[in-house]
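Reviewing the structure listed below.
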There are 2 protein chains.
Amino acid sequence: MRVRADLNISLDGFATTEGGTPDNPMGPDWEKITGAYVATRTFRARVFGDESGAGTTGLDNDYATRYFEGVGAEIMGAGMFGFHDAPEPAEWWGWWGDTPPFHVPVFVLTHQRSGSREMNGGTTFTFCSLAPREVLDVAREAAGGLDVRVGGGPSTVREFLADGLIDDLHVAIAPVLLGRGINLWEGLRGWGEGYRVVTEVAESGTTHVTWSRE
Amino acid sequence: MRVRADLNISLDGFATTEGGTPDNPMGPDWEKITGAYVATRTFRARVFGDESGAGTTGLDNDYATRYFEGVGAEIMGAGMFGFHDAPEPAEWWGWWGDTPPFHVPVFVLTHQRSGSREMNGGTTFTFCSLAPREVLDVAREAAGGLDVRVGGGPSTVREFLADGLIDDLHVAIAPVLLGRGINLWEGLRGWGEGYRVVTEVAESGTTHVTWSRE
């Protein structure tokens with residue numbers, strides 16, 4: 001049972017949703033750092049339900065496949081769920097739709113709501129206001145021996161990294177400079193020392209770096 | 001004739017000499033980001049004069065070899081020459097020794113000194129207080145049809161990047177997080193759009209990213 005995190009970031013470390021609008025809630029930068037991932041056959045099948053076999057099948061797809069394997073519970077920050085700074089209407093259940101692509105218990109870190117809600121396809125959102133270590137204990141229990149993923153966003157992942165709670169970190173780095181947003185690496189001087197590091201470059205130009213605690 | 005820049009940086013974008021002491025002027029982080037480069041056969045021969053054939057010969061060495069090819073003039077910031085914040089004694093000629101490894105005219109951007117000094121081995125230091133575009137005109141003239149390199153440090157390279165003056169940027173990224181120093185990427189949102197980007201990973205785990213203006 002491992003604690004994993006996977007993020008798409010820019011070369012300058014940003015995993016950003018800056019500049020979002022109602023029409024494009026993730027902002028104009030999002031496609032630049034997730035484009036190669038969204039283009040994979042696995043992502044298209046798992047998230048869009050596209051079973052036509054369309055999509056890329058190279059190294060980016062290998063990582064996408066691994067992304068969806070062996071995860072028994074997920075932790076995410078309020079921003080990734082879809083809570084914004086403003087108070088949200090009580091009927092807002094995030095931007096993941098009726099059948100979120102998680103298919104496991106998901107723990108959403110927020111002060112704005114409590115309780116749980118079962119969605120279609122095996123995803124249950126549980127809202128909780130807990131410290132990283134505490135929510136991890138709950139998620140481990142729920143994962144039934146499988147891995148726990150800290151899904152994002154970058155501030156949430158950074159907190160878990162800083163507390164030494166992540167066993168496997170995978171970042172997919174797009175060769176673009178965003179220069180704004182939330183920087184995953186801020187305040188993490190020396191993180192990863194003593195981890196095994198593997199770096200590979202995909203056909204898309206995306207660099208995949210994975211740190212594994214041994 | 002191209003204008004080139006090459007830097008060794010950390011994964012979080014730092015090319016740093018923080019924490020330097022008289023015994024270790026580049027600071028404890030320097031070896032972390034330059035270790036793989038310094039270990040190459042080419043670097044050992046060109047900079048240390050080690051002709052024994054010792055050193056690595058893989059992809060890092062291929063890049064090191066290209067580093068030393070085809071450069072007719074070099075531009076560097078005051079920090080890379082060895083000027084510090086404090087006034088330096090008039091007899092201080094930087095930390096590059098009597099036979100600097102450049103072997104071409106070198107233009108040092110500084111307000112602290114003017115004039116030129118010829119060193120052994122073909123290196124001439126010329127001190128000038130000029131804007132990026134202006135010093136580039138002078139360096140181009142001196143390069144005799146070969147490339148001009150903007151050698152560093154990161155603040156100097158960043159200024160030339162921001163002004164759109166670099167045709168080819170190569171960064172060698174070490175898989176470490178330094179979290180302090182001068183960040184090469186600061187303020188460069190969108191830099192490199194329209195450039196061709198090539199990424200390769202060396203045996204050492206160093207990722208080489210090269211942008212080329214077409």
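The values are calculated or read from the model by the stated rules, or taken from the named source; none is laboratory data. In this text, all values refer to a predicted model and were calculated from it rather than measured experimentally. So basically every Cβ, Gly included, is an ideal-geometry build from the backbone, and we count neighbours across all protein chains shown.
Observations
- Residues of the stretch A:51-105 satisfying the condition of being modelled with pLDDT under 95, over 23 Å from A:Glu141 (Cβ atoms) and acidic (Asp, Glu): A:Glu51, A:Asp85, A:Glu88, A:Glu91, A:Asp98
- Of residues in the stretch A:201-214 being facing chain B (nearest Cβ under 7 Å) and hydrophobic (A, V, I, L, M, F, W, C), the one nearest to B:Ser10 (Cα to Cα): A:Val209
- B:Val157 vs. criteria over 26 Å from A:Ile182 (Cα atoms) and either in contact with a strand residue (DSSP E or B) (Cβ under 8 Å, 6 or more places away or on another chain) or not in a strand (DSSP E or B) (or both): no
- Residue count for the stretch A:116-134 under the criterion of being of a type in the set (Lys, Arg) and in contact with an Asp or Glu (Cβ under 7 Å, 6 or more places away or on another chain): the result is 1.
- Per the conditions (1) more than 23 Å from B:Pro22 (Cα to Cα); (2) free of Cβ contacts under 8 Å to residues at least 40 places away in the same chain, the sole criterion not satisfied by B:Ala143 is (2).
- Among residues of the stretch B:31-87 being assigned to a loop (DSSP other than H, G, I, E, B) and of a type in the set (Asp, Glu), the one that is nearest to B:Pro105 (Cα to Cα) is B:Glu69.
- You will find that of A:Arg149, A:Arg133, the residue that is at pLDDT 95 or above, among the charged types (D, E, K, R) and either touching a His at 6+ places or on another chain (Cβ under 7 Å) or part of a strand (DSSP E or B) (or both) is A:Arg149 and no other.
- Figure legend. Inter-residue proximity from the stretch B:13-27: first residues under 26 Å from A:Leu177 (Cβ atoms), second residues assigned to a loop (DSSP other than H, G, I, E, B) and aromatic (Phe, Trp, Tyr), beta-carbon distance below 6 Å, spacing 6+ or different chains. Indicated pairs: B:Gly13/B:Trp185.
- Flag for B:Thr210 being within 30 Å of A:Ser204 (Cβ to Cβ) and touching a His at 6+ places or on another chain (Cβ under 6 Å): yes
- Among residues of the stretch A:139-152, those that are under 16 Å from A:Thr123 (Cβ atoms) and of a type outside the set (Lys, Arg), counted: 8
- Restricting attention to the stretch B:106-122, the residues being in a loop (DSSP other than H, G, I, E, B) and either of a type in the set (A, V, I, L, M) or at pLDDT 95 or above (or both) number 1.
- Any hit, the stretch B:123-139, residues being touching a residue at least 60 places away in the same chain (Cβ under 8 Å) and exposed (fewer than 14 other Cβ atoms within 10 Å of the Cβ): no
- Restricting the stretch B:1-18 to residues that are in a loop (DSSP other than H, G, I, E, B) and under 20 Å from A:Trp185 (Cα atoms), the residue that is nearest to the other protein chains (Cβ to nearest Cβ) is B:Asp12.
- The residue that is farthest from A:Asp60 (Cα to Cα), among those in the stretch A:159-200 that are of a type in the set (Asp, Glu) and more than 9 Å from chain B (Cβ to nearest Cβ), is A:Asp163.
- When B:Thr56, B:Thr17, B:Thr40 are checked against the criterion of being closer than 24 Å to B:Gly121 by Cα, touching a helix residue (DSSP H, G or I) at 6+ places or on another chain (Cβ under 7 Å) and not hydrophobic (A, V, I, L, M, F, W, C), a single residue qualifies: B:Thr40.
- Pairs linking a residue in the stretch B:193-214 that is within 15 Å of B:Tyr37 (Cβ to Cβ) to a residue that is of a type in the set (Phe, Trp, Tyr), with Cβ atoms under 6 Å and 6 or more positions apart or on different chains, are B:His208/B:Tyr63.
- Close Cβ contacts (under 9 Å, 6 or more residues apart or on different chains) running from residues in the stretch B:49-71 that are under 19 Å from B:Gly205 (Cα atoms) to residues that are part of a loop (DSSP other than H, G, I, E, B) and hydroxyl-bearing (Ser, Thr, Tyr) comprise B:Thr56/B:Ser204; B:Gly58/B:Ser204; B:Leu59/B:Ser204; B:Leu59/B:Thr206; B:Asp60/B:Ser204; B:Asp60/B:Thr206; B:Tyr63/B:Thr206.
- None of B:Gly145, B:Gly181 is of a type outside the set (A, V, I, L, M, F, W, C), over 18 Å from A:Val209 (Cβ atoms) and surrounded by fewer than 17 Cβ atoms within 10 Å (Cβ to Cβ) except B:Gly145.
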